[in-house]
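Rule-based calculations on the coordinates, nothing more; no lab input. This structure is a prediction, so every number in the text was calculated from the model and none was measured. Cβ coordinates were reconstructed from backbone atoms using ideal geometry, including for glycine residues, and neighbour counts include every protein chain displayed.
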Amino acid sequence: MRDRSPGLRAARPAQSQRAPQAKLDEAVGLAHAIDLDVVSSGIVPLSGIRPATFIGKGKVEEIAGLVKGEEAGIVVMDCALSPVQQRNLEKAWDAKVVDRTGLILEIFGRRAHTKEGALQVEHAHLTYQKSRLVRSWTHLERQRGGFGFLGGPGETQIETDRRLIEERIARIEAELNKVKRTRKLHRASRKRVPYPIVALVGYTNAGKSTLFNRMTRAQVLSADMLFATLDPTLRAVDLPHGARIILSDTVGFISDLPTMLVAAFRATLEEVIEADVILHVRDVSHEDADAQQHDVEDVLRQLGIEAGEGGRVLEVWNKIDRLGETERTRLENLAARMERRPLLVSALTGEGIDKLTGAIEARIAESRVVLDLVLDGADGAGISWLHRHTEVLSRADRADGTVAMSIRADPAKAAVVRAKFGTGKSAG
Ligand SMILES: Nc1nc2c(ncn2[C@@H]2O[C@H](COP(=O)(O)OP(=O)(O)O)[C@@H](O)[C@H]2O)c(=O)[nH]1
Ligand SMILES: [Mg+2]
């Protein structure tokens, strides 16, 4: 599953309420999320599941032709494959075969930024491997070395593997407990970034990354900035009225998430808990838009984030370019009646983006305090402290040797500034 290798996928009919085409779009979106180049995709009707190959013989042959013709390196099956099915298909197609859980694990692995996230993903990965060992017992079991003196007496390869995996799982669980206990400290240190964090959440394919790219386009990062990280999902953005924010793209929600992946998924959203503003990006042209909204809000609630009035969540109704006239008017009216007014945008065409940035600025202004300070020009340490810990909006070196600074910070930081530098005048 390496970058840019040609991919090809086949989907099962939806087992959930969601429409097959929507499931297929989602799976293609997931493949894109790990930079696979999808050359062909399609829905495979199933009359029953074949134990050996999951899909029927005719389909296996048809896809073999496709794989050969397209020189595809990977086939993604949007279903749960047994190890035997996976191996048989890999042999038949001479390509790597990845099932839904494997694909999602790969995405989570790439997006797990926090220590807890990385541990949760590894935990899920090992649990996945372990479950496959158990299920494939009869196929994989063999005596090690014929006499069993390398493992314990009579210990089989699979028992050894399972024992190793279980030991590793136990170590990860112990480490996870430790990380959770010190999580408060981690938060305190991450809060040191002086700019407000705006996190994008929403279903996969809702348009988070498109919006991220549109908002960060033409933004030049100065190399010495503390968060000028190589991480492609975090970017500094200067909003039109001068406020600088850190925009954070997150891993998307996925329908019917395999249960063993739920904890890993939540952990990859850890950063959202820290965010000053959360943009809930919704594809309002999607037939499952309402069900998706509830799923997202449920998980946010479990992370302690309320979607309602007074919360940090701003709804972004995306893909309005895809709506017909009547539907668009209906949504505009609906939005206008809502107290926390959603922003209607098209990340693709750029429509509505300035209103969105305006709303983000307004929201940040609500949660941040501006202080005007006058410092002794000789206080280099104090001035650099302010640069490190607060957002410096302006700085003027005055003739009398003092420095006038206007800074912005969250209320807690503002209290520290007041204590350190005397009472600054609050300007909003
Ligand atoms: N028509 C239309 N398509 C969009 C819009 N925003 C995103 N898309 C498309 O939706 C698909 C998923 O977008 P992406 O940003 O990758 O979604 P993510 O999974 O939420 O990051 C891509 O094919 C985008 O081109 C929009 O405003 N209008
Ligand atoms: Mg994305």
Set of lysines near K208 by C-alpha distance (under 25 Å), chain-local residues within fewer than 8 positions excluded: K23, K115, K191, K319, K355
Cut-off 17 Å, label 7 Å out along Cα→Cβ of R110, residues of the stretch 32-75 by amide N: 32-40, 73-75
Cα-projected label distance for T182 with K57, points at 7 Å along beta-carbon direction, nm: 5.9
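Please give the length that would be gained between E173 and L66 if that part of the chain were fully extended, namely 0.36 nm times their separation in residues minus their C-alpha to C-alpha distance (nm, one decimal).
Numbers: separation 107, 0.36 × 107 = 38.52 nm, distance 4.30 nm.
34.2 nm is the gain from fully extending E173 to L66.
If I take R0 = 25 Å and measure r between the Cβ atoms of H387 and T216 in this structure, what FRET efficiency does the formula 1/(1 + (r/R0)^6) give, to the nearest 0.05?
Details: r = 23 Å, r/R0 = 0.91.
For R0 = 25 Å, the calculated efficiency reads 0.65.
Give me V374, V201 ranked fewest to most by other Cβ atoms within 10 Å of their Cβ, as a rough exposure proxy.
On the way: V374 15, V201 27.
Least to most surrounded, the residues fall as V374, V201.
Restricting to Cα atoms and excluding each atom paired with itself, what does the Kirkwood estimate give for the stretch 256-312 in Å?
Details: mean 1/r = 0.0801 Å⁻¹.
Here the Kirkwood hydrodynamic radius works out to 12.5 Å.
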Stretchable slack from A396 to E159, in nm (0.36 nm times residue separation minus alpha-carbon distance): 78.3 nm
All aspartates and glutamates inside 14 Å of K178 as judged from Cα atoms, apart from same-chain residues fewer than 8 positions distant: E116
Set of aspartates and glutamates near K68 by C-alpha distance (under 17 Å), chain-local residues within fewer than 8 positions excluded: D37, E90, D94
Cβ-based exposure ranking for H32, H113, in which fewest neighbours within 10 Å come first: H32, H113
3J(HN,Hα) from dihedral phi, the stretch 330-346, Karplus parametrisation 6.51/-1.76/1.60, rounded to Hz, x for glycine, proline: 4, 5, 4, 5, 4, 5, 5, 7, 7, 5, 8, 6, x, 9, 8, 9, 10
Prolate/oblate/rounded call for the stretch 26-140, Cα gyration tensor, a/c under 1.5 rounded: oblate
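Figure the gain on full extension for R340 and I49 (residue separation times 0.36 nm, minus the Cα-Cα span) and round it to one decimal in nm. Could you put the intermediate results ahead of the total?
Numbers: separation 291, 0.36 × 291 = 104.76 nm, distance 4.74 nm.
Full extension from R340 to I49 adds 100.0 nm.
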L386, L239 arranged by Cβ crowding within 10 Å, fewest neighbours leading: L239, L386
